[in-house]
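Values quoted throughout were computed directly from the atomic coordinates according to the rules given, and no laboratory measurement underlies them. Just so you know, these numbers come straight off a predicted model, no measurement behind them. All Cβ positions, even for glycine, are placed from backbone atoms using ideal geometry, and neighbour counts span all protein chains on display.
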Amino acid sequence: MPSATREQIADKITELLIEHFTAYGTYDSNLTLPYFQKVVRDGRVQVATIPHRTDDERLVLYRSDVKGNEEDIELLNYIYNNYFADGAPGGTHTLSDIQLYIDTSTVSDYNDITTLIVGTDIIDVNNGSLTETFYQDNLGQFVDFFETHSNIDTVKAAQILDTNIYELYPSELTKQQRINRFFQEYEKLKPPSTPVDEGALISDGGNPDLTDTYVDDASDVFHWNYDIAGAPIDDEEEKFITWRQWWANQDPDNVNKSLEYIYEDLQSYYFAQEPVEPDIIDERPKYRSRSSGYLKVRTLNQAIVVRNEESSDIGLIGPDEENPIWRDTGFTITMWVRFLDKVNGGTLFNFGNPLRNNDPKGFMLETFVEEFEFGSGEYPPGFFTTSAEKEDVERFVRLVVRDSDGIIRDSHVGNPWNITGQAINHDGTRTDMSTFENQSDLSVISPFNYTRIPIDLREWYFIVATYDPNIDEDGSDGQGHGECVDDPDGSTPACDHDPDFWRGNIDELGYTPHSGFGAKCKVEIISRTDLLRARGFKE
């Protein structure tokens, strides 16, 4: 998160100016607070200057220092973006790094008395977009007063004033008035548009055979447009009660303060529950495991070493160690895996190390996780969600191979999205790997283009990782068959964005079990639940 807002930056600069205000009076006795205060003259708001504001003129004050000095918004944006925003090029700073240097000895104008400094950088307000920026005028939000008092004749005051006060009753609202005010506030604080109107919720229309459905992308848009949870401080007055409970709980000021929380509270305690329909009898047989058990690996990166006691070859190398047979014949790795947490990644299977710097060779099957970054913008559709609520992590698995030409190949595919223009961009285009020789080359690939494994700590997953050296991967880039998905922006052929094409299931005639094109590496998964259901068993 940013270390300070524009409002806090404006407050800090204004506080420094008033702390050193005596320097203005030393330079010119006319430079008092009434000189800088804003008044309405000639039908517009302006700085009083000379003549000073008089007691007959109405003083113009603003609720926000940013609004009160809008002419300096370029300066505030410059300081915020370069020193306080996430990823600021000047490094992250705190408000204490903002300082004023005072010099009244060699100035020709009061605007030269102070020099604005952030960290070790002098902010030059006479260059580029900051030309004609005079932050030194930002004193109009202060009110002057005179340290005087009047002597009161207590004898005469006692003759006029009734000083016998018996009891003060606070002004209290009746219970009905409080109820009336609650509903008035609710009408003002709920979003002016509904999720159904905005396309964020597909209503069942009262049909008992259907259910309401959330639309993930539209739900996120509704959140950014209306919810006060997570909104920038400068925009909070334009926001409303947060819709979904997950978003509210991400903001410490809005935990359990959402429309969904109100709905669940009313539904749980104040209304009769709908009658439960009798369950449909599931006549499918229950699957019974045929093996006597399984080997449990408690943490990732613990290893099982597969060895041949009679020779050093386990069927992957052959007679020539420098030219192992798996490079020509390919291979398939299968395993059952259940993940015990949502934070750890590591190697599931490896033969050699295709990514090391010294003599890389072999292949590896590995898993990794990506964490949701609050406030980072839009993510590709379908990620960071479960059937019930938002998830804060996603797990992926990939196969990485060093081929016979020393090129790195992996199992990422293309996807039909291209999200740009935000803090973190997400390109769904399948990346050309024909020149990848170092581990750092893989950093350009979006993690969301690898095989996703749903977050379910109770579920087993069957992973099938395949390497086929006969696939024409380098000749697959740029193809545009009719069955491929539509390109999201029209800048590249459609097949570069189709995951089915890169899994080898689309050619010029349409869908096929083996096209000969796509990625040489492929990873597919199926959950134990889905596999048993497909075979006609209960979960």
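Odds and ends about this structure:
- Sites D86 and W460 - FRET efficiency at Förster radius 45 Å, r taken between beta-carbons, to 0.05: 0.70
- Sites count as exposed loop sites when they are trypsin sites (Lys or Arg not before Pro), lie in a DSSP loop, and have at most 15 other Cβ atoms within 10 angstrom; the longest stretch of the chain without one is 64-287.
- Region 444-528: equivalent-ellipsoid semi-axes (sqrt of 5 x gyration tensor eigenvalues, Cα, Å): 25, 16, 12
- Rounded to the nearest 0.05, the FRET efficiency derived from the C-beta distance between S108 and F142 at R0 = 22 Å is 0.30.
- Cys residues of the chain counted as unpaired, since no other Cys beta-carbon is under 4.7 Å: C521
- Zero-based 5 Å bins, Cα pair distances in region 175-269, whole percents: 3, 12, 18, 23, 21, 12, 7, 3, 1
- The angle between the Cα long axis of helix 175-189 and the longest principal axis of the Cα atoms of the chain comes to about 60 degrees, rounded to the nearest 10.
- Under the Karplus curve 6.51 cos²θ - 1.76 cosθ + 1.60, θ = phi - 60°, whole-Hz ³J(HN,Hα) for region 249-254, x wherever Gly or Pro sits: 6, 7, 10, x, 7, 10
- Residue pairs exceeding 24 angstrom between C-alpha atoms, taken from K361/K520; K12/K38; K296/K522; K296/K520: K296/K522; K296/K520.
- C-alpha long axis of helix 216-226 to longest principal axis of the chain, angle in °: 10
- Per-residue Cβ neighbour counts within 10 Å put W502, W246 in the sequence W246, W502, beginning with the fewest.
- Karplus-derived HN-Hα couplings along region 316-328 (A = 6.51, B = -1.76, C = 1.60, θ = phi - 60°), whole Hz, x at Gly and Pro: 10, 9, x, x, 10, 5, 6, 9, x, 5, 5, 5, 9
- Using only alpha-carbon positions in region 1-92, the gyration tensor eigenvalues give semi-axes of 30, 16, 10 Å once each is multiplied by 5 and square-rooted (largest first).
- Region 326-534 shape via C-alpha gyration tensor axes, a/c threshold 1.5: rounded
- Backbone phi angles across region 405-415, fed through the Karplus curve with coefficients 6.51, -1.76 and 1.60 (θ = phi - 60°), yield HN-Hα couplings of 8, x, 8, 7, 10, 9, 9, 6, 10, x, 9 Hz in residue order; Gly and Pro are listed as x.
- [x] 18, 40, 32, 10, 0; [y] 14, 34, 30, 16, 5, 1; [z] 18, 44, 30, 8, 1, 0, with the label sought being that of the calculated P(r) over Cα pairs in 20 Å bins from 0, in percent: [y]
- Using the Cβ-Cβ distance between A534 and E7 with R0 = 51 Å, the FRET efficiency computed as 1/(1 + (r/R0)^6) comes to roughly 0.35.
- Taking 7 Å steps out from each Cα toward its Cβ at L95 and K190 produces label points 3.7 nm apart.
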